[in-house]
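Student: Once you've had a glance at the structure underneath, I'll fire off some questions.
The values are calculated or read from the model by the stated rules, or taken from the named source; none is laboratory data. Since we're looking at a predicted model, the values are computed, not measured. Positions of Cβ are generated from backbone atoms using ideal geometry, with glycine treated the same way; all protein chains shown enter the neighbour counts.
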Amino acid sequence: MSPPGTQENVGPADGGPLTTVLPTRRARLSKRGTPFVKESFGNWFRHACREEGCPGSTHGLRKAGATRAAENGATVNQLMALFGWKTEKMALLYTGKADRKHLASIAGPLLLGAQKTNEKIPHLGSGCGYE
């Protein structure tokens, strides 16, 4: 059951099981009738998540979204546009992590080198070693 003032939207477009709880137009306003400032919205969202029994925060959603976008190939400028960042600093953080993860997955097998086959080496003849 959703908190009062919210609506449930089922997604993604392919009809999967993802359900999100989003504020209705009325719930986007504070108790004073003014639009939420980001901190107030974050508090409202955290409270709504806890009432639903799931962990969550707006920061966590932004971080998950930025990570997913970067790992799916979003550029620095695309991340800046999506998340409203004015400088490249945060976008570079996410694209750098995604690049390292991708490069590590490619480089890992290089540590193994060429796989050598087992060779049959004859046992040492008599007189070698202790008798």
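Student: I'm checking my understanding of the structure. Among residues of region 51-107 that are β-branched (V, I, T) and in a helix (DSSP H, G or I), which one is nearest to the chain's Cα centre (by Cα)? Talk me through it step by step, then tell me what you get.
Tutor: Narrowing region 51-107 to residues β-branched (V, I, T): 58, 67, 75-76, 87, 95, 106.
When the remaining residues are screened for being in a helix (DSSP H, G or I), the result is 58, 67, 76, 95, 106.
Values: T58: 13, T67: 4, V76: 16, T95: 12, I106: 20 Å.
This residue is T67.
Student: A follow-up question, please. Closer than 27 Å to E39 by Cβ and at pLDDT 85 or above: which single residue out of A98, A69, A107 fits that description?
Tutor: Details: A98 fails: closer than 27 Å to E39 by Cβ; A107 fails: closer than 27 Å to E39 by Cβ.
Only one candidate qualifies: A69.
Student: Scan region 87-101 residue by residue and report those that are of a type in the set (S, T, N, Q) and either loosely packed, with under 14 Cβ neighbours inside 10 Å or not assigned by TED's automatic domain parsing to the domain that holds V76 (or both).
Tutor: Initial filter on region 87-101 (of a type in the set (S, T, N, Q)): 87, 95.
Within region 87-101, just T87 meets the criteria.
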